[in-house]
1. First measure r as the distance between the Cβ atoms of residue 20 and residue 57, then evaluate 1/(1 + (r/R0)^6) with R0 = 30 Å and state the FRET efficiency to the nearest 0.05.
2. List every residue whose amide H lies under 5 Å from the amide H of residue 67, counting only residues 5 or more places away in sequence or on a different chain, with H placed 1.01 Å from N in the peptide plane.
3. Say R0 is 25 Å: what FRET efficiency, to the nearest 0.05, do residue 27 and residue 49 get from their beta-carbon distance?
4. For the stretch 60-71, in order, what is each residue's ³J(HN,Hα) by Karplus, 6.51 cos²θ - 1.76 cosθ + 1.60 with θ = phi - 60°, in whole Hz (x at glycine and Pro)?
Amino acid sequence: MWVGLGSKLTQLFVLVELVEAGYDVNQADAETVTLLHWAAINNRRDIINYLVSKGSVVDVVGGELQATPLHWATRLVFPADFRENFTYY
């Protein structure tokens, strides 16, 4: 079920349904990429907020670059979203 899920999640309500059905927000794919990584690189503030509120690990390292979601966000110049969301973590 997980393969490619992150890149296809474009609607928050779909994610909410999956999590309420028991999906682990920290589940990583074969490349060790989490949903938070995908939300970060796609500048999905609504999904970032939801994942963090559900216990998503903010400093998990993943992907080919072995980088955190914050690193993914800053590669595409979206650091303000993470600065606002992660200042208290």
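Here, each number is a calculation from the coordinates, and none is a lab measurement. Bear in mind that the values here come from a model prediction, so they are computed numbers and not experimental data. Neighbour counts are summed over all protein chains in view; Cβ atoms, including those assigned to glycine, are modelled from backbone coordinates with ideal geometry.
1. The pair residue 20/residue 57 has a calculated efficiency of 0.95.
2. Excluding prolines and chain starts, which carry no amide H, the hits are 62.
3. It comes to 0.85.
4. Values, residue by residue: 5, 9, x, x, 4, 7, 6, 10, 7, x, 4, 4 Hz.
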